[in-house]
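The values are calculated or read from the model by the stated rules, or taken from the named source; none is laboratory data. Bear in mind the structure is a predicted one, so any value in this text is a computation, not a measurement. Counting neighbours? That spans all protein chains shown, and the Cβs are built from the backbone with ideal geometry, glycine included.
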Amino acid sequence: MIIDCAVYRDGVRETTEHDSESLDAALSRLGEDDFLWVGIGNPTADEMQRVGDSLGLHPLAVEDALEAHQRPKVEKYSDHTFISIRTVSYSDDDITTHEVNIFLGEKFLLTVRHGGPTLRNARKAAEGMIEPLSHGPTAALYAVVDSIVDHYEEVAAELETDVQEVETSVFGAERTNDSSRIYRLKRETLEFRRAVLPLREPIHRLALATAPEDARPYFRDIADHLARAAEAIDSIDHLLDNALQAHLAQLSVQQNEDMRKLTAGATIFAVPTAIAGVYGMNFEHMPELSWTYGYPMCLAVIAGLCGYIYRRFKKSGWL
Amino acid sequence: MIIDCAVYRDGVRETTEHDSESLDAALSRLGEDDFLWVGIGNPTADEMQRVGDSLGLHPLAVEDALEAHQRPKVEKYSDHTFISIRTVSYSDDDITTHEVNIFLGEKFLLTVRHGGPTLRNARKAAEGMIEPLSHGPTAALYAVVDSIVDHYEEVAAELETDVQEVETSVFGAERTNDSSRIYRLKRETLEFRRAVLPLREPIHRLALATAPEDARPYFRDIADHLARAAEAIDSIDHLLDNALQAHLAQLSVQQNEDMRKLTAGATIFAVPTAIAGVYGMNFEHMPELSWTYGYPMCLAVIAGLCGYIYRRFKKSGWL
Amino acid sequence: MIIDCAVYRDGVRETTEHDSESLDAALSRLGEDDFLWVGIGNPTADEMQRVGDSLGLHPLAVEDALEAHQRPKVEKYSDHTFISIRTVSYSDDDITTHEVNIFLGEKFLLTVRHGGPTLRNARKAAEGMIEPLSHGPTAALYAVVDSIVDHYEEVAAELETDVQEVETSVFGAERTNDSSRIYRLKRETLEFRRAVLPLREPIHRLALATAPEDARPYFRDIADHLARAAEAIDSIDHLLDNALQAHLAQLSVQQNEDMRKLTAGATIFAVPTAIAGVYGMNFEHMPELSWTYGYPMCLAVIAGLCGYIYRRFKKSGWL
Amino acid sequence: MIIDCAVYRDGVRETTEHDSESLDAALSRLGEDDFLWVGIGNPTADEMQRVGDSLGLHPLAVEDALEAHQRPKVEKYSDHTFISIRTVSYSDDDITTHEVNIFLGEKFLLTVRHGGPTLRNARKAAEGMIEPLSHGPTAALYAVVDSIVDHYEEVAAELETDVQEVETSVFGAERTNDSSRIYRLKRETLEFRRAVLPLREPIHRLALATAPEDARPYFRDIADHLARAAEAIDSIDHLLDNALQAHLAQLSVQQNEDMRKLTAGATIFAVPTAIAGVYGMNFEHMPELSWTYGYPMCLAVIAGLCGYIYRRFKKSGWL
Amino acid sequence: MIIDCAVYRDGVRETTEHDSESLDAALSRLGEDDFLWVGIGNPTADEMQRVGDSLGLHPLAVEDALEAHQRPKVEKYSDHTFISIRTVSYSDDDITTHEVNIFLGEKFLLTVRHGGPTLRNARKAAEGMIEPLSHGPTAALYAVVDSIVDHYEEVAAELETDVQEVETSVFGAERTNDSSRIYRLKRETLEFRRAVLPLREPIHRLALATAPEDARPYFRDIADHLARAAEAIDSIDHLLDNALQAHLAQLSVQQNEDMRKLTAGATIFAVPTAIAGVYGMNFEHMPELSWTYGYPMCLAVIAGLCGYIYRRFKKSGWL
């Protein structure tokens, strides 16, 4: 479905009709410094085909744009560049990624979206940059990629917050079972990494050599954001590994504590049982049994011993 | 055993006889833009030798094609290229790989299969691409390699499903011993990796420089699929490592729980034993013993204490 | 806020007024070998804009200098270089980093500080190097970067001291729960690494090729300090990983000890209970019961057995 | 000790005397396409010196050949190449490596062996390749290196078998202590790795550029075998790491089982003890005591409770 | 303090006075092929300054040579090379490193030592190589670096011996707490690594390109020794990691054994307690109590049961 289609003349938008006939018409009307920006959402094979034919796209790239399981990448074709990139969103320990496939030609920018948030904000941002837009579609490409990549850092920040939650839980006083959450975060971090890392190298190359001279600082800026996101992901990854290890250590500490409590408790109860057992024996000649205060004395001894042991364990931290 | 042998003229198949004499004949009949596609299955040394002589293959490559323990690779010989690649299939936590050795000459494509699924589908797919086929055997090579590599991603997806099963088991409520399965998956992942990773670099090189200009986007596509499979394998690997760690943590949690139950249970039973022990002592002067309601009161005290302790442990989660 | 603004003529400082008008004036007055050193602290967008306009800075770099969440980097623009670097300070297991953004032009050095310690010392150090300063702003840049990077090694040394504290605690006789501290140190080390590592490569490049010929040894010196800091960080990282593992082992050792104590204690108490139980049985024909010295003999046997068991356990290290 | 010394003329062997005088004589007699193959075993410094002088070897290389603690390597000297390589054998979880140092000159091949298996097989294999041998000593070098490297894969396969044994033991029903064996295998794998890995890069270089044009496919073949061995070693390494982790998990599982058995057993025995304790109390008014069937009823209750608890534990898998 | 100062003419030593005036004198007297070798120990800033002025050293390098906290490195200055290297010694699980800073000029070699063993042996070794020494100071540099690097392998060998001790302890029959020693060895290995690894790359570069043509094989030899030391360090590192893991597994095995002993012991003692408890009940109608052989029969049953249980546990390895 063609969502938006506009001609930019000297950086100013002139909307056209949203069907493919007008696409051809618009293309034929493009002046020297104009370019066309077409936005498509969840296209059918047919739609994609027709747009691809109009813009002269390479069939493999068109197929890639349809499939929506691309690895993030930047691929040069003879007369256009294909960029596959992923929007990333995060909520409730869950990373969701959506694919945006972009074709950058000399006089057009085509964005193909599969699910996920619209690119309206990116377009608005781009349109706010009238001066750069008058330089052609590369500036529009920058706006789109920048708005997507900027979001990576937000997601990384949210993940970092969740890692901090996990830390608090792991090292908190309460007994918690955090391994499941740590694992889930780890899994999402891996997915995030797969959306971010493959882009680093080709964007870096764009920034250094492929992009037009005056656009390079802009793409270097994006490369920098990607590098920052990637470093954040690496940090999160390391922290989660360590949090899992630390969780294991905490569990061991807890078990040690329980073991000591068990030992202390068993000892305290063993004393009256053993003493009472002794005075429950049926020997005929047990002088203590006939003492008038034998029983209270015995109870007192038991209580005294138990109390003493209890205090000892308490002091040494076993109870 | 020669399984298939066909001349492709302008991209259209003309089957020939399946014996080696007709192979020589077919070779001599090849026109300017024709090429020969020969498929061999589990060849004997002799068969391989004869075909190799007919096509002028390098003796080392012929030997490699026979041995069927090749590392996946792409090797340039003076007048042909040797490609060793592995088909991968997966079922019941078990990766099975089979070797396909391919010779690409200027006017022929020879595929040598050792066990494993037939390449009929790949051939059909290739034959559906008449236009590219008319460009020679490189297109046929692409069809074969593509059909094999495409399957890698399916296998990776199945492995990912199994990893999810393991996760469910590890973090589920039931007590399970998952280390054996995690280990098995890890082992299969390693085997999978050894089939996939060595190919990445040479295919990448094919895509960038070695393949004919107009075939490069196609091989770039394969390189991309390989990269995706490799990233999936890396992810699976990381997840399995973490799952094993998390399993260890789960086991610790379970042991902590058992330890606490043991402690709680021992305490509950220690109370009646200790009290009964006291009233089982044989002191002459134990006033409680002669009370009419001594016994029921004693039972009540025991029951009360046990009940209180039970509730305390229940509340604090130890039982 | 402009904090300092001075013209350096032949390496000698001539302070000017601290407002942006005088900045323009100072710029226009610069002689052949003079340069301007401007220091700004926590600038507003407006201030930054004005200074950027005066010095002809690239808008992207100006934006970066404002944002204060830069990745450490060195970026070449057409007529100036942008350097983003972080001051690092450490106290109480807590790494704090502050950003310093630097613009190096042919005739000016602009430092933009966001929080963190002042750069006065760096400026003083630079002013002490009159001869190099007379060569232009690169020497001033060196002084600033050097004073920041020198501090990295101090911080690394402090971290190493803390790691040693952790080691003492882990392997000490007392039972301590060190996983939380190890984790915190790990986290801070990761943050430290993110401040240091991205700088290595661009500073290395400055040292090898980008800086003026006679300034290169100086930047090589900085590169060396960075390398040393980075190696120290790697070491700390490894040590912390190992300390966590060793802590786990220590916990296991402690649990083994507790387990043995529990076993020994339970055995010692089981003996009197079992023997007393036997003599508490109500059989009519139990000859020992009527022996005159039956009771003391029984007590002696119990004491003897308990003593013997106690000594055995003591000797074998279980108690 | 000179073990073998032969001139190869057109690929055909002509044995000469095995002393160093005849070595000089043989050298002086060498025709255009002949070459000399000398094999030395455990040489003394003197022998090595004399041979080195005859063949014009670099003193450093001669020293290296004597020392027998070389790192596997390929080193170019001005008029010969020095190759240090290790034969690897494996039995009873024990890797043994022996050094073979090889000098390749334009007209000679000198192999110096320190212990380890003879190279007779390699020589036989080489002599079977008359045609290639007529091309000079490089073919002989290939034969020697190939026969050594081929053995690497066999050793890797044996190691893999042992890893499988360990797996069976780790995941088997019996309680085994496998950490010691896993560690030993890990240690041997590391030694194996040190024999194999350093060779990869220089052999790769030989295969790509250094070797004569028509010998390159052969060295590429060796490089390939090395790569396969190296991948096998990596796999084994990973599997052993994981096996150790899995072993830890298995131990935890076993401990959990023991813990549960202890808990179950303690509970079953606690019931009769507690009940018997109650009826062992000496209260005067305990109606049950005077019931005719009090005792059997009590026994029945005890037996019933124990049986019930036993079945409950059995059912939940604790016993 | 200048320790040694000698002119080498045609490789033959001519000692001069050890003060800085004679240094200048000696420098002025140097003939075409002579060179000066100066050795300084623990210099003051002043001494270093004077020597630096005489030899025309770069101020930064002079400062580095004084500081004695250099990272091992090789730095080219315009007319001399600065090499910082560390002597490593090992005793009692303790790595000690000392810095040696070396300046190599066209006609001089200056070695600056900070603590640590003297370089007398290196000098003697160098002087024994008259022929190479006559080629200038590079040969002397080789002798010094070689004598230091050779020692690395000895230290690595000693570390390996200690690792073997740890292994014996970890897998021995005695219960030992090895984590502390493993950690200490790990820490020393890390320090060792920091002394060795940074040198690899620059020495490699010396061996390939920077050193004079005929000196290259010698520096390649050093590079090789470094590579071997580095590989040994890597191996040790891996082994220590695995030893710690294996130690954890051993601790788990021990705990399992203790747990089973506890369970077995508790069961054996529970039997007499439970049976005696039953016959200690006060029911009026307990026929066994009045049997003449009731008591001995009861004891026999208890003894029989305990013996049976004991044998069962013994057989199954729990006791």
Select from segment E:204-218 the residues that are modelled with pLDDT of 85 or more and not aliphatic (A, V, I, L, M) and write down the one among them that is nearest to the chain's Cα centre (by Cα). E:HIS204
Being farther than 19 Å from C:VAL74 by Cβ and at pLDDT 85 or above: is that true of C:GLU201 here? no
Tell me yes or no: at least one residue of segment E:71-94 is among the hydrophobic types (A, V, I, L, M, F, W, C) and in a loop (DSSP other than H, G, I, E, B). no
Could you please give the count of residues in segment C:1-53 that are assigned to a strand (DSSP E or B) and surrounded by 13 or more Cβ atoms within 10 Å (Cβ to Cβ)? 17
May I ask you to list the residues in segment C:117-135 that are closer than 13 Å to C:HIS151 by Cβ and small (Gly, Ala, Ser)? C:ALA122, C:ALA125
Counting only residues that are crowded, with 21+ Cβ neighbours inside 10 Å and small (Gly, Ala, Ser), how many does segment D:62-81 have? 1
Could you tell me whether any residue of segment D:196-207 is surrounded by 19 or more Cβ atoms within 10 Å (Cβ to Cβ), within 30 Å of E:TRP318 (Cα to Cα) and more than 9 Å from chain E (Cβ to nearest Cβ)? no
Residue ID - modelled with the lowest pLDDT, chosen from residues in segment E:89-116 that are farther than 24 Å from E:ARG193 by Cα and in contact with a strand residue (DSSP E or B) (Cβ under 7 Å, 6 or more places away or on another chain): E:LYS107
Given the condition of a type in the set (A, V, I, L, M), surrounded by fewer than 23 Cβ atoms within 10 Å (Cβ to Cβ), free of Cβ contacts under 8 Å to residues at least 60 places away in the same chain and at the interface with another protein chain (Cβ under 7 Å from one of its Cβ atoms), answer yes or no: does some residue in segment A:215-228 qualify? yes
Mind telling me which of the residues B:ASP146, B:ASP93, B:ASP150 ends up being within 14 Å of chain D (Cβ to nearest Cβ) and either within 20 Å of the chain's Cα centre (by Cα) or not polar (S, T, N, Q) (or both)? B:ASP93
Which numbered condition trips up E:ALA246, out of (1) more than 7 Å from chain D (Cβ to nearest Cβ); (2) touching a residue at least 12 places away in the same chain (Cβ under 8 Å); (3) touching a Phe, Trp or Tyr at 6+ places or on another chain (Cβ under 6 Å)? (1)
Output the residue which, of all residues in segment C:252-303 that are more than 9 Å from chain A (Cβ to nearest Cβ) and in contact (Cβ under 8 Å) with a residue 24 or more places away in the chain, is nearest to E:ALA249 (Cα to Cα). C:ARG260
Of the numbered conditions (1) touching a Phe, Trp or Tyr at 6+ places or on another chain (Cβ under 7 Å); (2) over 20 Å from B:TYR218 (Cα atoms); (3) not in a helix (DSSP H, G or I), B:THR118 satisfies every one except a single condition; which is it? (1)
Do any residues in segment E:114-135 that are of a type in the set (D, E, K, R) have Cβ atoms under 6 Å from those of residues that are surrounded by fewer than 18 Cβ atoms within 10 Å (Cβ to Cβ), where the two are at least six apart or on different chains, and which pairs are they? E:GLU127/E:ARG13
Looking at segment B:138-159, can you tell me whether even one residue there is charged (D, E, K, R) and assigned to a loop (DSSP other than H, G, I, E, B)? no
Checked against (1) touching an Asp or Glu at 6+ places or on another chain (Cβ under 9 Å); (2) assigned to a helix (DSSP H, G or I), B:HIS135 satisfies every condition except (2)
Against the conditions (1) under 24 Å from E:ALA270 (Cβ atoms); (2) in contact (Cβ under 8 Å) with a residue 60 or more places away in the chain; (3) hydroxyl-bearing (Ser, Thr, Tyr), where does C:THR210 fall short? Just the number, please. (1)
Might you let me know whether segment C:232-239 holds any residue that is surrounded by 21 or more Cβ atoms within 10 Å (Cβ to Cβ), without any contact (Cβ under 8 Å) to a residue 40 or more places away in the chain and within 30 Å of A:SER235 (Cα to Cα)? no
Go through segment C:263-319 and count every residue that is within 21 Å of E:ALA274 (Cβ to Cβ) and part of a loop (DSSP other than H, G, I, E, B). 5
Just to check your reading of the model, which residue among D:GLU231, D:GLU160 is more than 10 Å from chain B (Cβ to nearest Cβ) and of a type outside the set (A, V, I, L, M)? D:GLU160
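Okay, residues lined up against (1) more than 29 Å from D:GLU131 (Cβ to Cβ); (2) under 36 Å from the mean Cα position of the chain (by Cα); (3) assigned by TED's automatic domain parsing to the domain that holds D:SER134; (4) in contact (Cβ under 8 Å) with a residue 12 or more places away in the chain:
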{"residue": "D:GLU32", "(1), (2), (3), (4)": "no, no, yes, no"}
{"residue": "D:ALA61", "(1), (2), (3), (4)": "yes, yes, yes, yes"}
{"residue": "D:LEU66", "(1), (2), (3), (4)": "yes, yes, yes, yes"}
{"residue": "D:THR81", "(1), (2), (3), (4)": "no, yes, yes, yes"}
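Every residue, every condition in (1) without any contact (Cβ under 8 Å) to a residue 40 or more places away in the chain; (2) touching a Leu at 6+ places or on another chain (Cβ under 9 Å), yes or no:
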site: C:GLU99; (1), (2): yes, no
site: C:VAL144; (1), (2): no, yes
site: C:GLU158; (1), (2): no, no
site: C:ALA173; (1), (2): yes, no
site: C:ARG184; (1), (2): no, no
Does D:ARG181 meet the test of being out of contact with any strand residue (DSSP E or B) (no Cβ under 6 Å at 6 or more places or on another chain), among the basic types (Lys, Arg) and either under 20 Å from D:GLU99 (Cβ atoms) or outside any helix (DSSP H, G or I) (or both)? no
